[in-house]
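Undergrad: Below you will find the structure I want to go over with you.
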Amino acid sequence: MKKEIHPKNYRPVIFHDNSNGAEFLISSIIATKETKKWTDGKEYPVHFVEISSASHPFYTGKETVIDTAGRVERFKARQAAAPKKTSKK
């Protein structure tokens, strides 16, 4: 690695996927407040992500619904509260 081209805070960071619990140790400059022990026994800063290559349908080949904002529940509640349409024959 060339010297003096990376920022001072370039260090290994654990990225934790909230959707399936997968973790990756990658060099980054992202600001973090929490730390966590890695498999080598050392403490590293940890950053939590909603989706990663371990949970994204493109990489896994599995279709999943990730609803962190509650949109599906709100839609179902609106549908249940809507008046029922009757068909005219």
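The values are calculated or read from the model by the stated rules, or taken from the named source; none is laboratory data. Since the structure is predicted, the reported quantities are computational estimates derived from the model, not experimental observations. Cβ: placed from backbone, ideal geometry, glycine included. Neighbour counts: every protein chain shown.
Undergrad: Restricting to segment 1-49, give me the number of residues that are among the acidic types (Asp, Glu) and under 30 Å from LYS62 (Cα atoms).
TA: The first filter runs over segment 1-49 and keeps only residues among the acidic types (Asp, Glu), leaving 4, 17, 23, 34, 40, 43.
Imposing the further condition that a residue be under 30 Å from LYS62 (Cα atoms) reduces the set to 17, 23.
Qualifying residue count, segment 1-49: 2.
Undergrad: Out of the residues in segment 37-48 that are assigned to a strand (DSSP E or B) and loosely packed, with under 15 Cβ neighbours inside 10 Å, which is modelled with the lowest pLDDT? Don't jump to the end; show me each part of the working.
TA: Start the filter on segment 37-48 by keeping residues that are assigned to a strand (DSSP E or B), which leaves 37, 43-48.
Next cut, loosely packed, with under 15 Cβ neighbours inside 10 Å only: 37, 43, 48.
Working: LYS37: 95, GLU43: 95, PHE48: 91.
Selected residue: PHE48.
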